[in-house]
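Here the structure comes first, spelled out in structure tokens, and everything after it is commentary.
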Amino acid sequence: MNQYDAIVIGAGPAGSTAAALMARAGQKVLLLEKSFFPRHKLCGEFITPECGKVFDRLGVSEKMHDAGAQIIRKWTLHSPEGRSLEVPMEWITDGHSHAIGLSRARMDLILLECAAEAGADVRQGFQVSSNFQSDHGIGVVEGKNESGEKVVFRAPVILDASGRTGVFAKSTLHDDELSRFHGSRLFGCKVHLRSIEGMKGIGELFFFGDGYGGLSDVEGGKTNLCFLTTEATLMEAKGDREKLLDLTMRSNPAGSARLKNAVIDGEWLGTGPLKYGRRRRMPGVISIGDAGAFIDPFTGSGMLLAFTSGEIAADVINRSFAEGVRDIEEISERYESIFRSTFGLRFRACSMLRSLAFKPATRNFMVSLLSRHKSLMKIVALSTRQNWQSLTD
Ligand SMILES: Cc1cc2nc3c(=O)[nH]c(=O)nc-3n(C[C@H](O)[C@H](O)[C@H](O)COP(=O)(O)OP(=O)(O)OC[C@H]3O[C@@H](n4cnc5c(N)ncnc54)[C@H](O)[C@@H]3O)c2cc1C
């Protein structure tokens, strides 16, 4: 009864994608999610053009559109010194000429429903515990359902898609992955706004002293504001949100102009400290999306990584099962090898760009160099989202 081919923990973009694609291939899939959807989620809610291809494959593009997704054709980066750079979305389109802005509340619900329609057994309000065991090659996942009852499920394949702070985060994090700016840990904040003018068709990123923040429209006439800043700044603001905006977004002249008439329309969400990079492997489990690796959000490729890793995992598992291979370690090795060749360059490129973007001298040099050499800027933009092979083709 509680035996499945695969159990997926977490119904974010990575988990729902993998669950939908495995269920479609005829696997008996269980998708466990601790929240009840729709739920708000801290994220820039900037969905890059490549994700549109995944929506096409999942058959949910029309639903995203009907949910009020806003079309974004251009991404503009503003330095605190008043310089700016424009990245047209067609550079990274992969067949889709635009990015979209849609709340995670809407997007994640559509993906979860897609997994359920594909035949996955979806249980919301189910909190998986970190007491994972492997019994003769079969993973044993336990947790509590919405009534607080302990339930145990078993499957040869367990996918951890529970995100950055998910179920096995404590045991899989490398100490050196803690990201800091001048020794201070980094945190993320998000809120929805109204009355932001001039955003139609564009997304914007504003750098400031110890972080950066993005603005992009989502459904219902709202604009998402999401930014990263240090613990030191959060402590200086002492819980005063207006002061926090003065210390961060409004310290960038273009950010200040954009937020002039802003009206807060939603709850503030916070997360952190943020830890970039790959996680240690959890034996008996394949980790996908942020649970496997967290990429710097300023490249806007976090969700792309989540979708792509979900697709790769589902494909590897479906093929392995078709060949009669059900050993998690062997399936995991197959997944890891594809993951490394797909994402290795992206992680290095994002890490390098992050260190350049945070120093005023290198940031100004980069902005003036890249604004003069569009082809170089295109290569830099592509390096954050493709593998080396496709860049040199
Ligand atoms: C500040 C910030 C801004 C960002 N902005 C962008 C952006 O604009 N564009 C972009 O592409 N990416 C962005 N990202 C990255 C993006 O949010 C993540 O990469 C993406 O959400 C990862 O998806 P996921 O499916 O791996 O995990 P998640 O989306 O985190 O989903 C994990 C799911 O697992 C569930 N879960 C957790 N623990 C358990 C448990 N014990 N039992 C059951 N369920 C559990 C959670 O409830 C959640 O629904 C941003 C990230 C940050 C921090």
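Could you check the range 173-198 and list, in sequence order, the residues that are in a loop (DSSP other than H, G, I, E, B), of a type in the set (Gly, Ala, Ser) and out of contact with any Leu (no Cβ under 8 Å at 6 or more places or on another chain)? Talk me through it step by step, then tell me what you get.
First, the residues of the range 173-198 that are in a loop (DSSP other than H, G, I, E, B): 173-174, 179, 182-183, 195-198.
Then drop every residue that is not of a type in the set (Gly, Ala, Ser), which leaves 179, 183, 195, 198.
Selection gives 183, 195, 198.
What strands (runs of 3 or more DSSP E) completely inside the range 107-172 contain at least 2 residues that are within 13 Å of the ligand (Cβ to nearest atom) and farther than 21 Å from residue 314 by Cβ?
Numbers: elements: 121-124, 133-135, 138-144, 150-155, 157-160.
Fully inside the range 107-172 and qualifying: 138-144.
Could you look through the range 13-32, keep only residues that are in contact with a helix residue (DSSP H, G or I) (Cβ under 7 Å, 6 or more places away or on another chain) and not in a helix (DSSP H, G or I), and pick out the one that is nearest to residue 312 (Cα to Cα)?
Once the filter is applied, the top-ranked residue is 25.
Give me the pairs, please: first residue somewhere in the range 314-338 and outside the structural domain of residue 288 (by TED's automatic domain parsing), second residue anywhere and among the acidic types (Asp, Glu), beta-carbon distance under 6 Å, and either six or more positions apart or on two chains.
none
Mind checking whether some residue in the range 78-87 is outside any loop (DSSP other than H, G, I, E, B), of a type in the set (Gly, Ala, Ser) and not assigned by TED's automatic domain parsing to the domain that holds residue 321?
Step one: filter the range 78-87 for residues outside any loop (DSSP other than H, G, I, E, B), giving 78, 84-87.
Then drop every residue that is not of a type in the set (Gly, Ala, Ser), which leaves 84.
When the remaining residues are screened for being not assigned by TED's automatic domain parsing to the domain that holds residue 321, the result is 84.
Among the residues of the range 78-87, at least one is outside any loop (DSSP other than H, G, I, E, B), of a type in the set (Gly, Ala, Ser) and not assigned by TED's automatic domain parsing to the domain that holds residue 321, which makes the answer yes.
Among the residues of the range 254-282, count how many are touching a Phe, Trp or Tyr at 6+ places or on another chain (Cβ under 9 Å) and not hydroxyl-bearing (Ser, Thr, Tyr).
12
Return a yes/no flag: does the range 51-64 have any residue that is within 11 Å of the ligand (Cβ to nearest atom), modelled with pLDDT of 90 or more, under 27 Å from residue 315 (Cα atoms) and not assigned by TED's automatic domain parsing to the domain that holds residue 258. Outline the logic, then answer.
Here is the first cut: in the range 51-64, the ones within 11 Å of the ligand (Cβ to nearest atom) are 51.
Cutting the leftovers down to modelled with pLDDT of 90 or more gives us 51.
From what is left, the residues that are under 27 Å from residue 315 (Cα atoms) are 51.
From what is left, the residues that are not assigned by TED's automatic domain parsing to the domain that holds residue 258 are 51.
There is at least one residue in the range 51-64 that is within 11 Å of the ligand (Cβ to nearest atom), modelled with pLDDT of 90 or more, under 27 Å from residue 315 (Cα atoms) and not assigned by TED's automatic domain parsing to the domain that holds residue 258.
Out of 375, 337, I need the residue that is among the small types (Gly, Ala, Ser), modelled with pLDDT of 75 or more and part of a helix (DSSP H, G or I). Which one? If you could, list the steps in order and put the result at the bottom.
Details: 375 fails: modelled with pLDDT of 75 or more.
Selected residue: 337, the only one of 375, 337 that is among the small types (Gly, Ala, Ser), modelled with pLDDT of 75 or more and part of a helix (DSSP H, G or I).
The values are calculated or read from the model by the stated rules, or taken from the named source; none is laboratory data. Please read these numbers as outputs of a predicted model, since none were measured by experiment. Counting neighbours? That spans all protein chains shown, and the Cβs are built from the backbone with ideal geometry, glycine included.
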